[in-house]
């Protein structure tokens, strides 16, 4: 796994064990839960209920939207673009569609960091989106393959990443002490390795153009959104909390970034498998 460096200490949550307390009644548990919600403490009761209190218009507002596990609510027909899915490990919610409903959520995952080999920290949750009409154009190439065959086809994802398809990786920060400098350093290493993998070693200028978009002036509190979108012509557009911070035309850069999430050695393998299944379903519609 590609390492992610953090130039700050992680909090120490160790402490004395709490004393044994009498078993609370069902009524008292409900009252405690209600009080916790009242003071802003998110309580994950199940994968079918979650709350999001986000006031930034660039972040998904799902306080009144139905939330359920990805494949329980995700529809490839005409689902409402404001419905959402929950990433179960972090409780982060993602809209089922972006770009006016055309980019469908096909996979959810988590970027985790192992600290000293002792503790895994959830850094951000992410959603992988692809434009429905663009994906369906690939159907002519795979007429002879069933959906299960496509899912098991090792060349399928590589072919998709080679195509000029509109796609988005949405990152939602879940670690509250993450700095923009940490994100910049992490991309320098992870994207740098992928640029070398696909394009050789002489890509320092391209890497610097990308990482320089993450300026120190941007703050990344918990819930912040970073969108990395591949637009027509292999243009990588970067937004932070809805603000366009820059675009770079480079097929190599697009391929390198999306490979981190759905390529040969992804950050989250389940997200990649869900993405492949979703792609196969769209292609065979």
Where a residue in the range 207-230 is in contact (Cβ under 8 Å) with a residue 60 or more places away in the chain and at positive phi and its partner, wherever it lies, is buried (at least 18 other Cβ atoms within 10 Å of the Cβ) and not in a loop (DSSP other than H, G, I, E, B), with Cβ under 8 Å and at least six apart
223/172; 223/173
Hey, could you check the range 164-195 for residues that are out of contact with any helix residue (DSSP H, G or I) (no Cβ under 7 Å at 6 or more places or on another chain) and closer than 24 Å to residue 233 by Cβ and say which is surrounded by the most Cβ atoms within 10 Å (Cβ to Cβ)?
170
How many residues does the range 267-285 hold that are surrounded by 21 or more Cβ atoms within 10 Å (Cβ to Cβ) and not in a helix (DSSP H, G or I)?
2
For the range 166-183, which positions are under 18 Å from the mean Cα position of the chain (by Cα) and part of a helix (DSSP H, G or I)?
180, 182, 183
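Results for (1) without any contact (Cβ under 8 Å) to a residue 40 or more places away in the chain; (2) part of a helix (DSSP H, G or I), shown as yes or no for each residue.
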{"site": "124", "(1), (2)": "no, no"}
{"site": "130", "(1), (2)": "no, no"}
{"site": "134", "(1), (2)": "yes, yes"}
{"site": "150", "(1), (2)": "no, yes"}
{"site": "155", "(1), (2)": "yes, yes"}
{"site": "164", "(1), (2)": "no, no"}
{"site": "185", "(1), (2)": "no, yes"}
Would you confirm whether any residue within the range 239-250 is under 20 Å from residue 103 (Cα atoms), out of contact with any helix residue (DSSP H, G or I) (no Cβ under 9 Å at 6 or more places or on another chain), at pLDDT 95 or above and surrounded by 17 or more Cβ atoms within 10 Å (Cβ to Cβ)?
yes
Out of everything in the range 199-215 that is modelled with pLDDT under 95 and in contact with a helix residue (DSSP H, G or I) (Cβ under 6 Å, 6 or more places away or on another chain), what residue ends up being farthest from residue 248 (Cα to Cα)?
199
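The values are calculated or read from the model by the stated rules, or taken from the named source; none is laboratory data. Computed from a predicted structure; not experimentally measured. Heads up, the Cβs are rebuilt from the backbone with ideal geometry, glycines too, and the neighbour counts pull from every protein chain shown.
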